[in-house]
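Sharing a structure below in structure tokens format, with a few things to ask.
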Amino acid sequence: MTAGNLTSDLYRVGAGFSVRFRLVDDRLDCEWTPRMPTKREFSRAADRYRAARDEFLAEWARRLGRSVICLEV
């Protein structure tokens with residue numbers, strides 16, 4: 001992770017996909033490799049994606065010194 005606006009390492013989440021998280025101006029962006037998964041592909045990687053996202057958000061909260069919340073829609 002970098003200072004200021006946070007950028008994560010690349011997380012391998014399964015089903016042939018990896019994701020990198022970026023936090024810019026309090027907005028969480030996800031950069032998928034090799035591409036954004038379809039709904040079906042995502043369902044196979046969802047548990048590992050959420051674990052990676054939660055790890056990233058926990059680091060953000062630690063740096064802020066307070067709790068953060070993420071709504072998944």
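The values are calculated or read from the model by the stated rules, or taken from the named source; none is laboratory data. In this text, all values refer to a predicted model and were calculated from it rather than measured experimentally. Note: ideal-geometry Cβ built from the backbone for every residue, glycine included; neighbour counts use all protein chains shown. Areas reflect the complete protein model, heavy atoms only, side chains present, ligands, DNA and RNA absent. Shrake-Rupley method; radii C 1.70, N 1.55, O 1.52, S 1.80 Å.
Could you work out the helix-only [θ] at 222 nm for the chain, with each DSSP H run of four or more residues adding -39,500 (n - 2.57) and the total divided by the number of residues, to the nearest 500 deg cm²/dmol?
Value at 222 nm, helices only: -12500 deg cm²/dmol.
Continuing with this model, one more query. Over the chain, what percent of the accessible surface lies on carbon and sulfur atoms, probe 1.4 Å?
Roughly 49 percent, rounded to a whole number.
Moving on. Using a 7 Å offset from the Cα along the Cα-to-Cβ direction at both LEU10 and LYS39, what is the distance between the two label points in nm, to one decimal?
2.9 nm
For the chain, what is the accessible area per residue in Å², given a 1.4 Å probe and the full set of protein chains?
Value returned for the chain: 72 Å² of accessible area per residue.
Which ³J(HN,Hα) values in Hz, rounded to whole numbers, follow from the phi angles of the stretch 11-20 under the Karplus curve 6.51 cos²θ - 1.76 cosθ + 1.60, where θ = phi - 60° and Gly and Pro get x?
9, 8, 10, x, 6, x, 10, 10, 9, 10
Now, a different point. List, in order, the whole-Hz ³J(HN,Hα) value for each residue of the stretch 30-46 obtained from phi through the Karplus relation with A = 6.51, B = -1.76, C = 1.60 and θ = phi - 60°; use x for Gly and Pro.
Whole-Hz 3J(HN,Hα) from phi for the stretch 30-46: 10, 10, 8, 10, x, 6, 5, x, 6, 4, 5, 5, 4, 4, 6, 9, 4.
Moving on to the next point. Given charges of +1 on the Cβ of Lys and Arg and -1 on the Cβ of Asp and Glu, with all other atoms neutral, how large is the dipole of the chain about its Cα centre, in debye to the nearest 20?
So the magnitude is around 180 debye.
Considering the dipole of the chain built from charges on the beta carbon (Lys and Arg +1, Asp and Glu -1) around the Cα centre, which of ALA15, ALA51, CYS30 is farthest to its positive end?
Result: ALA15.
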